[in-house]
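Structure first, then comments.
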Amino acid sequence: MSYDPQELEAEWRSRWAESGRYEADPDGRDLDDSTFVTVPYPYPSGGMHIGHARTYTVPDVYARYRRQQGDNVLFPIGWHVTGTPIIGAVERLKKGEEDQLSVLRDTYNVSEDTLADLETPMGYARHFIEEHYKRGMQQLGLSIDWRREFTTNDERYSKFITWQYETLKERGLLEKGLHPVKYCTEQENPVTTHDLLEGEDVEYQEYTLVKFESGETVFPMATLRPETVRGVTNAYIDPEGEYVEATVDGERWVVSLEAVEKLELQDHEIAVEREVAGEEYVGESVTNPITGDEVLVLPASFVDPDSGTGVVMSVPAHSPDDYLALEEAKADAQRLREYGIDPANVEAIEPVPILSVDDYGEIPARDAVESHGIDSADDPDPKAVTQEVYNREFHQGVLSEEYGEFAGEVVEDVREELKAHFQTQGEFAAMYDFPEPVISRAGGKVVVAEQETWFLRYNDEEWQAKTLEAVENLEAIPETTREQYTHTVDWLEEWPCIRNYGLGTRLPWDDEFVIEPLSDSTIYMAYYTIAHRLEDVPPEAMDRAFFDTLFYGPEAADDPDERALELREEWEYWYPVDFRCSANDLISNHLTFFLYHHAELFEKSEWPQGITSMGMGLLEGEKMSSSKGHVVLPDEAIDEYGADTVRFFLLNSSEPWQDFDWRAEEVGSTRDQLSRFWNRALEVIDAPDGERDLETIDRWLLAKLQETVRSVTDAMDRFETRTASQQAFYGFEEYLKWYRRRADLERPGARWTLRTVLETRLRLLAPFVPFLANELHERLTGESAEDVPWPEPVPEFEDSTIVVQERLVEDVLEDVRDIVDVTDTDPETVRLYVAADWKRDVLETVIDVGPNQGQVMGEVMQNDQLREKGDAVNSLVGDLVSFVREHDDDTLETLASVDEQSVYEEAASFFAREFDADVEVYGESAARRAAEETSSAERSSADSRAAEPRDGGDDEEPREDAGPVDPDGKASQAEPFRPAIHLE
């Protein structure tokens, strides 16, 4: 039967669904034998792609592994619909936006008949839940308990979140106040990372506005480096941009039209008086509020009116960008004249240095540009060079004497104080903005708004301390991520936790607001434990006392609800979360919030035990993008290759925390490898059972099997799914290739060995390729692989000596092969010479003394017999010191008991087959003695012939009793476990 994954996998999916195979309930096993694994619930604003498939498959592999280890395992899933992304997607659909329709039709294969069903938020969500995520997960064979699924828009889930936020508010961890938030101008609603289409990783920054003046009019210019204000030589404005003159907080300001909305949203009172083209201000002079110097406003197309205020100050001594721009302005006299500017006035502008920094001259920007060979602002390197200068000046730059009380100080130490100083004097103001564009999923521009909002006090010292303790106790995989959690706790301030509208839970004490997505997804893992048993509890009964009883016990409520107490038993059985698998980029928000809320709301024994970080996915070397159609859908991949192939490729290509790259050619190769495995397995299954009549090579393969069981188990415990699958599959295939060369596969002992090996490997592979492994194991033994325990090493078959001996055979084979290849010979005879006993004695000395050549020689030279060998010993010691350094202590101890010559003699027939040659094995000493005897006999024979007349007949035949030979004197080159080789 050929490998047909589609047919095979469909059958097992049906069996699992009909039997409720992965529905987990407390069953009498000890609490220590329960495992709770979670992964972030998907946000169904679009379809599931292959990157999502990897995210969900990794925890499934671990869940399956723990089941085989005997644990009762819960692996649930739910659906995160909170917030506005789904609403935004529906709005774009109803507007008929072509980009949105293209994604739905072309990327996610939504039919025209179905589009109408997607015109309500939950209709849209349900389509992608059922037709993409849930179907994809079931096709992949994820071992999920589907009874526990829910959406975050469900009424009962909202009751759970209501309890959470009422509790946090009561404990003083929620406050109301003015706070900067990301704000979608299209939806007029705050947004977070999950709501963004572009700029997900962009964070807003606080810019200083330096208030340059022209008469009674202020030209506020945004900068992140307020200390450079004394170095401003000119300003830039976009002559084609739209600007306004407006009253801002009682002052007359000139800003871009785009800046007006930002300033209004940041609690400034603004009244626009007139709109003006930017060119009207070109050529004007404005006064620096700190120095009193007048600077010229120059035209510049590179000024972005949507960045800051749209008016830019120039510091050419300390900004490579500004230095290049000024030089280009000087070179374009014609353009200056077109705007009525005398080129001589621009030519006279010189950089003004205001600080000194090591390794740069008086004008750091000029030095940096010239040293990097940059002569144009269009050069690809200016940004990197500019950032280099900024960093050096921030950390090492010393302010000049013009800065008065700040003179002689390093910028890093005084920037904030300097900024505050000039703000209190009215020369500086502030605004928030993004350094690059940010777009919401609704298609709207995202700006920074200051709003009266409720926020979580993540900077509360007691809460931080609890969270840091949770981080300390966490099994962070990989360990390098622990520092990221600590860093996030250190910098987190208040976090706005509400939005003006969207799906999800209403703020309990002010139902005009909705709790935002990153704030209603911190402890939902607790809800999984009881979600499937809540249908009998009316939502109105799920009040504060109900959940207090459920999570804190009967003493937490005056009249404990019996239903809550029953549910508490199941919650206590499953909690805490043993492992959560989530994307690495969520450490800075969701995963740290997850730790915060557990640390506050639950006892230490209920805090998360472990988090495995997940890398990102690439497609043919490029970042996946649903909006650009650059994705692979799991159902299409499964239809083409099979679910086991998809799973195996995703797990084999990288460790979970590393990025993976989906490449069709490599996926196809994985499919071929599984097919070959299937065919080989069927050959073993269909062959006679064999008998346990084992030869050395059988015991070697069984010993390698025990090593593999240990290494795969250790890797699985560390979530190293790539290492585990590689060793169980590819690594062991190499052992089998060797075994097939060495063994007579028709022997009953060989057949028994191959069946034993196959049975164990199928159990090791079951978490990775459950369809194939279960089917083959059932055909082999009558039971599926997941229904029998995870394999453990069998002490009877653990034999390090046999493993080491076979390694010697492999080494000799490789050495002979190398000589054959180099000399381009086809030998008729291969002779191996095993080192003399005295050389083994020297090796033992090296092992005892340690790999220090001087100390070893000192010890060896105390032996009269060895001292007589002179240079031969010295050379040998050097080689043996290297040999000992290359091997661990266990291997050296094992080698000490190996009869090297017997190993090669037993393998002689194998060598003979490999090289189609006679193979002779000699001890070095015996070969030397034989050579000496032969030489002596030849001399005696020569003397006799000299005394007797020759008869002129044929040459004398060699003596049959001549014994072992060393025709080229190779035997003396033998070293312990490195036999000398002679080809003839």
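The values are calculated or read from the model by the stated rules, or taken from the named source; none is laboratory data. Everything numeric in this text was worked out from a predicted model, so none of it was measured. Glycine also receives a Cβ, built like all others from the backbone with ideal geometry; neighbour counts cover every protein chain displayed.
Going through the stretch 441-494 one residue at a time, which ones are β-branched (Val, Ile, Thr), over 30 Å from Gly308 (Cα atoms) and either in contact with a Lys or Arg (Cβ under 8 Å, 6 or more places away or on another chain) or assigned to a loop (DSSP other than H, G, I, E, B) (or both)?
Residues of the stretch 441-494 β-branched (Val, Ile, Thr): 446-448, 453, 467, 471, 477, 480-481, 486, 488-489.
Filter again for over 30 Å from Gly308 (Cα atoms), leaving 467, 471, 477, 480-481, 486.
Within the stretch 441-494, Val471, Ile477 qualify.
Put simply, of Ala333, Ala329 the only residue that is of a type in the set (A, V, I, L, M), surrounded by 19 or more Cβ atoms within 10 Å (Cβ to Cβ) and in contact with a helix residue (DSSP H, G or I) (Cβ under 7 Å, 6 or more places away or on another chain) is Ala329. Listed here are the helices (runs of 4 or more DSSP H) enclosed by the stretch 679-774 that have at least 3 residues being surrounded by 23 or more Cβ atoms within 10 Å (Cβ to Cβ): 696-717, 721-725, 748-765.
Annotation note: of Asp955, Asp961, Asp951, Asp916, the sole residue that is at pLDDT 90 or above and surrounded by fewer than 10 Cβ atoms within 10 Å (Cβ to Cβ) is Asp916. Residue check: is Leu197 hydrophobic (A, V, I, L, M, F, W, C) and at pLDDT below 95? When the stated conditions are applied, Leu197 passes them. If you filter the stretch 294-311 down to residues that are closer than 16 Å to Thr217 by Cα and not polar (S, T, N, Q), you find that the one that is farthest from the chain's Cα centre (by Cα) is Glu294. Looking only at residues that are part of a loop (DSSP other than H, G, I, E, B) and loosely packed, with under 13 Cβ neighbours inside 10 Å in the stretch 26-42, which one is modelled with the highest pLDDT? Only one residue tops the list, namely Asp27. Summed over the stretch 280-296, the residues that are assigned to a loop (DSSP other than H, G, I, E, B), touching a strand residue (DSSP E or B) at 6+ places or on another chain (Cβ under 6 Å) and of a type in the set (A, V, I, L, M, F, W, C) give a count of 1.
Taking every residue in the stretch 793-813 that is farther than 14 Å from Leu701 by Cα and assigned by TED's automatic domain parsing to the domain that holds Leu705 and pairing it with any residue that is crowded, with 16+ Cβ neighbours inside 10 Å and aliphatic (A, V, I, L, M), at least 6 positions away or on another chain, yields no pair with a Cβ-Cβ distance below 6 Å.
Among the residues of the stretch 147-194, write down those that are at pLDDT 95 or above and of a type in the set (S, T, N, Q). Of everything in the stretch 147-194, those that are at pLDDT 95 or above and of a type in the set (S, T, N, Q) turn out to be Thr151, Thr152, Asn153, Ser158, Thr162, Gln164, Thr167.
The helices (runs of 4 or more DSSP H) found wholly in the stretch 846-929 and carrying at least 1 residues that are within 44 Å of the chain's Cα centre (by Cα) and among the small types (Gly, Ala, Ser) occupy 871-885.
Contact map, the stretch 917-930: first residue farther than 15 Å from Pro827 by Cβ, second residue among the hydroxyl-bearing types (Ser, Thr, Tyr) and crowded, with 18+ Cβ neighbours inside 10 Å, Cβ cut-off under 9 Å, separation 6 or more or different chains; pairs are Tyr922/Tyr833; Gly923/Tyr833; Glu924/Tyr833; Ala927/Tyr833; Ala930/Tyr922.
Given (1) exposed (fewer than 15 other Cβ atoms within 10 Å of the Cβ); (2) touching a helix residue (DSSP H, G or I) at 6+ places or on another chain (Cβ under 7 Å); (3) among the hydrophobic types (A, V, I, L, M, F, W, C), identify the lone condition not met by Ala277. Here Ala277 clears every test but (2).
Of all residues in the stretch 108-121, those satisfying the criterion of being of a type in the set (S, T, N, Q) and either touching a His at 6+ places or on another chain (Cβ under 9 Å) or closer than 20 Å to Thr84 by Cα (or both) are Thr114, Thr120.
Counting only helices (runs of 4 or more DSSP H) that sit completely within the stretch 343-416, those holding 3 or more residues that are more than 38 Å from the chain's Cα centre (by Cα) and surrounded by 16 or more Cβ atoms within 10 Å (Cβ to Cβ) correspond to 364-371.
Pairs are defined by a Cβ separation below 6 Å, a sequence spacing of at least 6 or placement on different chains, a first member in the stretch 513-532 that is over 18 Å from Arg457 (Cα atoms), and a second member that is of a type in the set (S, T, N, Q) and surrounded by fewer than 22 Cβ atoms within 10 Å (Cβ to Cβ); no pair meets this definition. Residues that are loosely packed, with under 15 Cβ neighbours inside 10 Å and more than 23 Å from the chain's Cα centre (by Cα) were ranked within the stretch 460-477; the one that is nearest to Ser582 (Cα to Cα) is Glu469.
Return the residues of the stretch 43-84 that are outside any loop (DSSP other than H, G, I, E, B) and among the aromatic types (Phe, Trp, Tyr); say none if nothing qualifies. Walk me through it before giving the result.
So the first thing to find is which residues in the stretch 43-84 are outside any loop (DSSP other than H, G, I, E, B), and the list is 50-68, 72-74, 79, 83.
Listed by number, the residues that qualify are Tyr56, Tyr62, Tyr65, Trp79.
Residue count for the stretch 484-512 satisfying the condition of being without any contact (Cβ under 8 Å) to a residue 24 or more places away in the chain and closer than 16 Å to Thr84 by Cβ: 1.
Only residues that are crowded, with 19+ Cβ neighbours inside 10 Å and assigned to a helix (DSSP H, G or I): list them for the stretch 99-123, please. Can you show your working first?
Kept after step one, since they are crowded, with 19+ Cβ neighbours inside 10 Å, are these residues of the stretch 99-123: 100, 103-104, 107-108, 110, 118, 121.
Hits for the stretch 99-123 are Gln100, Val103, Leu104, Thr107, Leu118, Pro121.
Selection of the stretch 195-210 for residues being in contact with an Asp or Glu (Cβ under 9 Å, 6 or more places away or on another chain) and crowded, with 20+ Cβ neighbours inside 10 Å yields Asp195, Tyr207, Val210. Of all residues in the stretch 297-337, those satisfying the criterion of being assigned to a loop (DSSP other than H, G, I, E, B) and either closer than 18 Å to Pro226 by Cβ or not assigned by TED's automatic domain parsing to the domain that holds Arg225 (or both) are Ser307, Gly308, Thr309, Val315, Pro316, Ala317, His318, Ser319.
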